[in-house]
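First up is the structure itself, then whatever we jot down about it.
The values are calculated or read from the model by the stated rules, or taken from the named source; none is laboratory data. From a predicted model like this one, the values you see are computed outputs, not experimental measurements. As a convention, Cβ positions derive from the backbone with ideal geometry for all residues, glycine included, and neighbour counts pool all protein chains shown. SASA here: full protein model, heavy atoms, side chains in, ligands and nucleic acids out. Shrake-Rupley method; radii C 1.70, N 1.55, O 1.52, S 1.80 Å.
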Amino acid sequence: MLNDSWFRREMKAVADGVDQLFNGKSIDGPKRRKFGFVLVVFPFRKGRGQVRFVSNTTKRRATSELQKLADDLAGSSTWPGAKPVRARPRQRPS
């Protein structure tokens with residue numbers, strides 16, 4: 001199981017750094033930012049389904065942007081001019 005307090009603290013520290021990097025030191029609300037982001041963290045093995053995220057925008061906007069990304073990755077993009085991305089089939093070891 002994930003330690004929520006540790007994750008919140010670490011993800012907030014990373015989010016603050018990313019926000020400063022892309023939007024500068026003095027950030028005065030989402031309307032003044034130039035870039036938004038969503039950081040998604042999940043365990044590979046234990047604790048499956050325990051996905052955590054942090055963002056510098058609203059939950060609604062973050063969800064919308066993640067859905068656009070998921071659509072793009074699935075090849076049915078809603079982004080104008082985006083090219084579908086298709087994964088290569090895995091080859092079985094010989």
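In the stretch 60-72, the residues that are farther than 13 Å from residue 40 by Cα reach residues that are among the basic types (Lys, Arg) and open to solvent by 70 Å² or more (accessible area, probe 1.4 Å) with C-beta atoms within less than 9 angstrom, at least six apart or across chains, in these pairs: 72/83. Being open to solvent by 90 Å² or more (accessible area, probe 1.4 Å), part of a helix (DSSP H, G or I) and modelled with pLDDT of 60 or more is not true of residue 91.
If the condition is being modelled with pLDDT under 85, surrounded by 15 or more Cβ atoms within 10 Å (Cβ to Cβ) and not small (Gly, Ala, Ser), then the stretch 53-78 contributes 71, 72.
Only a single criterion out of (1) at pLDDT 80 or above; (2) open to solvent by 60 Å² or more (accessible area, probe 1.4 Å); (3) not basic (Lys, Arg) is not satisfied by residue 30, namely (1).
Right, residue 44: modelled with pLDDT of 60 or more and part of a strand (DSSP E or B) or not? Considered against the rule, which asks whether it is modelled with pLDDT of 60 or more and part of a strand (DSSP E or B), residue 44 comes out as no.
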